[in-house]
Amino acid sequence: MDAGECSTSQPPNPASASSPDSSSSGVWAKLVPADAAYPEVEVAEDDAVVCSLVAPAAAGGEEVAWCEIRRNAGAPSSATIRNLSSDAIIVDGTIVKQEAVDIKPGSEIVSGPQKEGHLVYTFEITAAKDQDKNNVKIVLDIENAKCSICLNLWHDVVTVAPCLHNFCNGCFSEWLRRSSSKSRDKSQSAACPQCRTAVQSVGRNHFLHNIEEAILQAFSSLQRSDEEIALLESYASVKSNIVLGKQKNQSRKRPFSRSSDETNNANLPCPQCRNEFGGFRCSPGAVHLQCDGCGGMMPARSNVSIAQKCLGCDKSFCGAYWCSQGVNSSHCSLICNQETFKMISQRHTSRLPDTVHGGNPYEKDITERCIQQSGKTLQAVISEWTSKFDNMEIDRSRLQLNNLDTITSRTYICNLCYNKFIDFLLYWYRVSMPRNLLPPDAVNRESCWYGFMCRTQHHRPDHAKKLNHVCRPTRGNP
């Protein structure tokens, strides 16, 4: 029998790795025989040579190397096979003599110059399968990965029990500190800022922390500034699982109907349920709104001039309402800062949001330089384009807010919606700018076919820098 021809006179493996311990030495691939009567041949990192018997083992046959298989560096889904036998072998229908050729999962390998009389193998990579089992893709809406206190992506996420809502460590720690300082009954469990369930324990969530880091790798525009992170970490007090207290008859639902003798209870979540502020006090059974910013409650009042809902997202925010009623954090710990919900015309912007131009840092830098070259401040540019917005001089269809036709500079919107509004205005500022007024390095850039909708700009810095993305999509347009 020629070298490379596999013996068929015995059940033992006609082809094997040269080391008997290969199965325990980092097996990453295998050769699967077409004839199920023969076992598979495993290929290890430290033992890449595959041998065959040149005569039956009972006759004292010896093993002779017929090929060597090694993984390709930088391309884990492919490998290289080298013919070591004195005869040719066949790889994917091509006769291979002494040279090395690339193979991939599914490649057909014949251990001799013809199929007849030789075993036929299929090459498979086992490590890739094991890796696939370990790498589970999770589809997650980023909006569900945001802290309901600060409305940003979690930072050092913690989970409260039993409701399992998630918050930034710093946000929840500061909220817990304020709640504890205002509560008369120190043994009373704190309430979840999102659903008002009595919190029994809180702990850092390492699984969600990994998801948080994965999101930041995919969407760097969601990364907070160093100052914000430092402030959050200075507040953070949850280092391990903390038991906050126990209550009998825990209920996940919060009752709103109260008897008259309960109105003096200092723990009622709505300040106007227990005291009169601004000439108003809640009547028994009054309808309330839960603030999306802090989780606190306020009466739903349609007859007041101060907005209670953001017109851009239709979510409730309490900061402006409580300020108009003369209520502050000394009366109730669950009150938003007034800065979280303001009229557009009352806002002052000193720096561009990180989310401007879809989070593309190169486009943001170009816009900043354009504003500097114009001699105007950022706020002056925003005010100028807000006036154009009020006068219906620009197309509103691209603005990603609700109630487009009713929004004006006197509309109350939340911080998140205001950032979208700024992004919209600066898009039109850039689109309307003559090319000769752009910085020199931006004048000759071609526009991306997909414009501001391009997804490649978020993970390909070279693409984000090379092409202009502050433009309309033209892909597929005549």
On the given criteria, is residue 374 closer than 26 Å to residue 310 by Cβ and either surrounded by fewer than 16 Cβ atoms within 10 Å (Cβ to Cβ) or free of Cβ contacts under 8 Å to residues at least 12 places away in the same chain (or both)?
no
For residues that are assigned to a helix (DSSP H, G or I) and over 21 Å from residue 407 (Cα atoms), tally how many sit in the range 344-356.
0
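For (1) small (Gly, Ala, Ser); (2) outside any loop (DSSP other than H, G, I, E, B); (3) at pLDDT 85 or above, each residue gets a yes or a no:
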| position | (1), (2), (3) |
| --- | --- |
| 298 | no, yes, yes |
| 303 | no, no, no |
| 307 | yes, no, yes |
| 312 | yes, no, yes |
| 323 | no, yes, yes |
| 327 | no, no, yes |
| 330 | yes, no, no |
| 334 | no, no, no |
| 342 | no, yes, yes |
Restricting the search to the range 442-459, which residues are among the acidic types (Asp, Glu) and at pLDDT below 90?
none
Is one or more of the residues making up the range 203-226 exposed (fewer than 11 other Cβ atoms within 10 Å of the Cβ), of a type in the set (Gly, Ala, Ser), modelled with pLDDT of 85 or more and outside any helix (DSSP H, G or I)?
yes
For the range 99-129: of the residues being open to solvent by 50 Å² or more (accessible area, probe 1.4 Å) and of a type in the set (S, T, N, Q), which is farthest from residue 87 (Cα to Cα)?
122
Sole exception among (1) part of a helix (DSSP H, G or I); (2) buried (at least 16 other Cβ atoms within 10 Å of the Cβ) for residue 441, by number
(2)
Restricting to the range 275-291, and then to whatever is modelled with pLDDT under 85 and of a type in the set (Gly, Ala, Ser), can you tell me which residue is most open to solvent (accessible area, probe 1.4 Å)?
285
Tally up the residues in the range 292-318 that are under 34 Å from the mean Cα position of the chain (by Cα), among the small types (Gly, Ala, Ser) and either closer than 21 Å to residue 403 by Cα or open to solvent by 10 Å² or more (accessible area, probe 1.4 Å) (or both), please.
4
Any idea which of 405, 423, 462 is surrounded by fewer than 14 Cβ atoms within 10 Å (Cβ to Cβ), outside any loop (DSSP other than H, G, I, E, B), modelled with pLDDT of 90 or more and not β-branched (Val, Ile, Thr)?
462
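The values are calculated or read from the model by the stated rules, or taken from the named source; none is laboratory data. Computed from a predicted model, the values in this text were never measured in an experiment. Because the Cβ atoms are built from the backbone with ideal geometry, glycine has one as well, and the counts that use them run over all protein chains shown. Ligands, DNA and RNA are excluded from the accessible area calculation, which covers all protein heavy atoms including side chains. Shrake-Rupley method; radii C 1.70, N 1.55, O 1.52, S 1.80 Å.
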